[in-house]
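**Q** Before anything else, here's the structure in question.
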Amino acid sequence: MESYRNMFEVGDIVWWSEWDLVENLGYTSTVFYGAIIEIKIKKNLNNERSVYVAEILPFGQTKTRELSLHLLNKRTS
């Protein structure tokens, strides 16, 4: 996961997708945007493997979210 750490910096604008089930008819994807405010290492409690996560402030919200770096895409334009 070190390669993902090298792709992101604090202040980067990122996007990610989340999937929701729509009344048993299928899934819909929603794209979210935000800014990275911190990058840290977290230990997985099940296997003690370390992973990089970003604390993100989603645009239009006041509460931050923590997402694994491999789920993020950097906005380039």
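**Q** Can you work out which of the residues in the range 35-50 that are of a type outside the set (D, E, K, R) and open to solvent by 40 Å² or more (accessible area, probe 1.4 Å) is modelled with the highest pLDDT?
**A** 37
**Q** Further question on the same structure: Pairs under 8 Å by beta carbon, first residue farther than 11 Å from residue 69 by Cα in the range 35-47, partner among the basic types (Lys, Arg) and open to solvent by 90 Å² or more (accessible area, probe 1.4 Å), six or more apart or different chains?
**A** Final answer for the pair search is 43/49.
**Q** Additional query: What's the total number of residues in the range 51-65 that are in a strand (DSSP E or B) and either loosely packed, with under 11 Cβ neighbours inside 10 Å or touching a residue at least 24 places away in the same chain (Cβ under 8 Å) (or both)?
**A** Qualifying residue count for the region: 6.
**Q** Residue 13 is checked against (1) out of contact with any helix residue (DSSP H, G or I) (no Cβ under 8 Å at 6 or more places or on another chain); (2) free of Cβ contacts under 8 Å to residues at least 24 places away in the same chain; (3) at negative phi and fails just one. What number does that condition carry?
**A** So residue 13 meets the others, but not (2).
**Q** Also, I was wondering about something else. Return yes or no: is residue 8 in a loop (DSSP other than H, G, I, E, B) and at negative phi?
**A** When the stated conditions are applied, residue 8 passes them.
**Q** Would you mention how many residues in the range 9-34 are among the polar types (S, T, N, Q), open to solvent by less than 100 Å² (accessible area, probe 1.4 Å) and more than 19 Å from residue 69 (Cβ to Cβ)?
**A** Looking only at that region, the number is 3.
The values are calculated or read from the model by the stated rules, or taken from the named source; none is laboratory data. Owing to the predicted nature of the structure, the values given are computational and were not obtained by experimental measurement. Note that we place each Cβ from the backbone using ideal geometry, even for glycine, and neighbour counts take in every protein chain shown. With ligands, DNA and RNA removed, areas are computed over all heavy atoms of the protein, side chains included. Shrake-Rupley method; radii C 1.70, N 1.55, O 1.52, S 1.80 Å.
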